[in-house]
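**Student:** Have a look at this one before I ask anything.
No lab work stands behind these numbers, since they all come straight from the coordinates. Computed from a prediction, not measured in an experiment: that's the story for all the values here. Virtual Cβ from ideal backbone geometry, glycine too; neighbours counted across all protein chains shown.
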Amino acid sequence: MIAALAAVGAAAGLAAGGVAYASVAPQSQLFGRTIVAGRDANEFALTYDDGPNDPWTSHLLDLLARHDVHATFFLIGQFVRQRPDLVREIQAAGHLIGNHTVTHPWLAVQGSRRIREELAGCNAALEDVLGEPVRFFRPPHGSRRPAVMRAARELGLTATMWNAMGYDWRVNMRAEKIAAHLERGIARNRRRGRGSNLLLHDGGHLAMGADRSQSVEATRMILDRHPVARIRYVKVDAWA
């Protein structure tokens, strides 16, 4: 009896651990379908979180324009309210804009009401500026659970994750190291026959003004190493 109870307890612990892992694992589909990447290893999506952020979002837009590349920006609602002009610059340049909540919380530990407020509030901020509906959403930290996915679906949002991260949010990360992290993700994705959904940041969730100079430089390195002559750069809606 004791052995049986121990086995049940161990199984329950493993199940709980699996659920906890799935709540932040970027490629997990346990709680519902998310966009990760396509099946063409020569397709890359450059994606940026936590903007808009002056001046680095503008510098990034200039760099992407020089390479004739379009990207996807997941914006924080409170910063959208502060810099609607910068949001319109992103839109005018032909990039895709998505929802990254109002204040960037860990959604998996929030109640259903707070989850909906964060998603609906960011949608409202973006749609006021853009004049068009928002279709894509990236949960901060990748944190999600069934209530998060349900709220997103009810608001017409498709959750979008990633499969290569630059870790540019870490302190003192230089461009070379950021690019190296992305390159490892790209190599792994190619071995698996997948496109690469590259996660970088043009802002910081704590406040406007985060220094993202190294993220911009890492983007330049990726674009130089993987030029448009060999790689098709897409927005995440290409994989919807």
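**Student:** Under 1.5 on a/c is rounded, so check that first for the range 156-240, then, if it is not, pick prolate when a/b is larger than b/c and oblate when it is not; a ≥ b ≥ c are the square roots of the alpha carbon gyration tensor eigenvalues.
**Tutor:** oblate
**Student:** Using Cα pairs closer than 8 Å and at least 6 residues apart in sequence, work out the relative contact order for the range 157-225, in percent.
**Tutor:** Numbers: 77 pairs, mean separation 25.5, N = 69.
Here the relative contact order equals 37 percent.
**Student:** Which percent of Cα-Cα pairs in the range 98-180 sits in each 10 Å bin, short to long?
**Tutor:** The distribution over the range 98-180 is 17, 44, 26, 12, 0, given as percents.
**Student:** Where the centroid of each part is defined by its Cα atoms, how far is the range 162-189 from the range 196-240 in Å?
**Tutor:** Rounded to whole Å, the Cα centres lie 10 Å apart.
**Student:** Check each of the trypsin sites (Lys or Arg not before Pro) in the range 126-172 and keep only those in coil by DSSP with at most 13 other C-beta atoms within 10 angstrom; list them in order.
**Tutor:** ARG170
**Student:** Antiparallel as a % of all DSSP beta bridges within the chain, to the nearest 5?
**Tutor:** 0
**Student:** Continuing with the same structure: Can you give the relative contact order of the chain as a percent, counting alpha carbon pairs under 8 Å and 6+ residues apart?
**Tutor:** Once normalised by length, the contact order is 31 percent.
**Student:** I've got another one for you. Averaging over every viewing direction, what projected area does the convex hull of the Cα atoms of the chain cover, in nm²?
**Tutor:** 14.3
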